[in-house]
Amino acid sequence: MSTPSQRPARASTPGDDLAFAGVDRLSELLRAGEVTPRELVELYLARIERLDPKLNAFVSVRADAALAEADAAHGRLRAGESGPLLGVPVAVKDNVDIAGEITGYGTGANETPATVDAEVVRRLRAEGAPMLGKTAQPELEIWGHMTESQTHGVTRNPWDSARTTGGSSGGTAAAVAAGLAPAGLGSDGGASIRVPAGLCGLFGLKPTRGRISTLPDPERWHGLTVLGGLARRVLDAALFDDALRGAAAGDAHAAPEPQTSFADAARRDPGRLRVAMSLKGTIPGVKAGSTARRAVEETAELLRSLGHEVAERDPRYGQLFPDIVPPYLAGLADDAAKLEHPERLEGRTRRMAAVGRRVQGRLLLRALRRQPKVAERINAIFADHEVLLTPVTAAQPEPVQRWRGKGAVRTFNGSGPYVTYTAIWNYLGQPAAAVPAGFDEEGLPMAVQIVAPAGDETTLLSLAAQLERARPWADRRPPVS
């Protein structure tokens with residue numbers, strides 16, 4: 001079988017070019033009347049029908065509803081309204097409530113459609129973004145290294161359909177990478193925006209805890225999980241997240257508003273930054289592979305060429321297993337308990353949830369109480385540096401179904417190379433982003449992670465946009481597109 005880099009590129013069509021135009025450009029075209037929201041929805045629905053059988057990015061498609069939402073957006077545009085998402089179709093992960101749709105959490109354990117929109121969906125409706133459908137994830141967002149489930153099957157990477165997308169927002173990542181949607185909503189409880197973004201050649205920002213409302217869940221996974229967008233370009237993700245920003249009454253956390261919009265941050269120069277570069281992970285025995293090293297080293301050299309100061313320095317991570325794992329397992333147990341038919345979960349998911357129920361007492365409280373002390377130790381690195389540069393993952397995407405039939409402990413341990421650089425920032429609640437960093441010898445995307453102190457997404461967006469201008473990535477399209 002030929003590798004992605006060996007496969008001949010298919011000639012693009014005007015429809016293909018429009019599908020990959022991105023949020024900002026599509027918004028311009030809509031405002032100018034050069035395309036209508038219905039035409040965009042029809043374009044993406046046709047691409048989903050043609051390409052999604054090869055990817056399995058969507059668990060459900062809202063064709064009629066999306067077309068009705070597109071017509072409503074058209075009316076608003078004709079009435080003189082404007083907005084970056086008005087008429088721009090988007091995808092939504094299967095763990096977010098859309099009224100009238102089943103929220104499956106990657107399982108077959110729910111049968112009753114949601115009656116009320118999640119707060120982020122309410123905001124997407126207010127912005128006038130037609131929602132194309134719900135995207136695939138592993139059961140209960142449990143895995144960072146794959147998007148596979150017994151209910152919905154295997155989601156495949158558009159750059160090589162024999163490889164995984166990573167998890168857990170793998171369906172959203174596959175859809176956006178393949179041009180089945182210009183942007184999509186994901187969630188991140190330890191890796192789940194950044195890993196699929198990194199493995200699928202996208203930009204993905206995990207926002208600061210409390211930046212975007214998680215209602216109807218006031219605090220997902222005891223503060224680990226946040227919501228945010230994935231897109232091909234930094235500005236597109238910034239526009240998407242700007243539309244969702246702000247906590248709502250009832251949220252457990254609320255991040256102070258930044259002084260500028262995310263979109264403005266993506267449009268401005270970051271200035272000269274002090275960047276700490278580190279290949280050290282948080283899981284003992286898990287080392288950065290050659291591709292991860294190359295991505296970080298080449299990005300460090302690019303940053304130096306752009307005038308930034310880059311120095312090798314490792315954060316003082318310490319032993320983090322007792323800190324990160326209890327809220328993860330307890331959150332998983334909480335989610336399992338909310339399902340209509342938890343007995344339908346995969347055996348390994350049920351076993352992980354059972355362990356989660358056992359840590360919901362003292363172990364969980366102890367982990368949550370330690371957060372300030374752990375944050376003080378690790379974030380000492382930001383006294384001398386504005387940004388930390390690391391790999392996103394220690395390894396490139398695995399073959400699909402590698403973990404099929406494997407038990408809970410074995411599958412959990414297999415996720416190590418895919419969460420060793422990411423999960424700590426969920427525990428600490430600060431922003432981190434996956435930024436494309438070129439392609440490896442097989443034509444698969446490479447990526448790096450950039451991290452900033454709590455509340456400072458704008459520095460990450462400005463720096464990522466500068467990297468995008470210096471090393472453009474968005475015009476290269478995967479074989480399955």
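Every read-out reported here was derived from the displayed coordinates using simple, explicitly stated rules and does not represent laboratory data. Keep in mind the model is a prediction, meaning the values are calculated, not measured. Here the Cβ positions follow ideal geometry from the backbone for every residue, glycine too, while neighbour counts run over all protein chains shown.
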Full extension from residue 28 to residue 115: what is 0.36 nm times the residue separation minus their Cα-Cα distance, to one decimal in nm? 28.0 nm
Could you sort the peptides 48-57, 460-469 by per-residue average Cβ neighbour count (10 Å cutoff), highest mean leading? 460-469, 48-57
Net +/- balance of residues flanking residue 291 in space, Cβ distance below 15 Å, scoring K and R +1, D and E -1: -3
Quick note, segment 188-328: a/c under 1.5 would make it rounded; otherwise a/b > b/c is prolate and the rest oblate (a ≥ b ≥ c, C-alpha gyration tensor); here it is oblate
For n ≥ 4 DSSP H runs only, could you compute -39500 (n - 2.57) per run for the chain, divide by its residues and tell me the 222 nm figure to the nearest 500? -11500 deg cm²/dmol
Compute the distance from the alpha-carbon center of segment 336-354 to that of segment 197-222, in whole Å. 23 Å
I'd like the projected area of segment 14-470, averaged over all directions, using the convex hull of its alpha carbons. Report it in nm² with one decimal. 19.5 nm²
How much length is gained on full extension from residue 341 to residue 249, taking 0.36 nm per residue of separation minus their Cα-Cα distance? 30.1 nm
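Sorting check: for 301-311, 176-186, which peptide has the highest mean count of neighbouring beta carbons within 10 Å, and how do the rest follow?
Working: 301-311: 15.2, 176-186: 30.2.
Result, highest mean first: 176-186, 301-311.
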Within segment 14-470, what is the number of lysine pairs with alpha carbons under 18 Å apart, leaving out pairs fewer than eight places apart on the same chain? 4
Suppose R0 equals 30 Å. What FRET efficiency, 1/(1 + (r/R0)^6) with r the Cβ-Cβ distance, do residue 314 and residue 290 give to the nearest 0.05? 0.95
Calculated FRET efficiency, residue 78 and residue 305, Cβ-Cβ r, R0 60 Å, to nearest 0.05? 0.80
Any idea what the dipole of the chain comes to, in debye rounded to 20, about its Cα centre with Lys/Arg Cβ at +1 and Asp/Glu Cβ at -1? 1380 debye
State whether segment 356-481 is rounded, prolate or oblate according to the following rule on the C-alpha gyration tensor (a ≥ b ≥ c being the square roots of its eigenvalues): a/c under 1.5 gives rounded; otherwise a/b larger than b/c gives prolate, and the remaining case gives oblate. oblate
Sort 392-404, 217-229 by the packing proxy (mean of other Cβ within 10 Å over each peptide's residues), most packed first. 217-229, 392-404
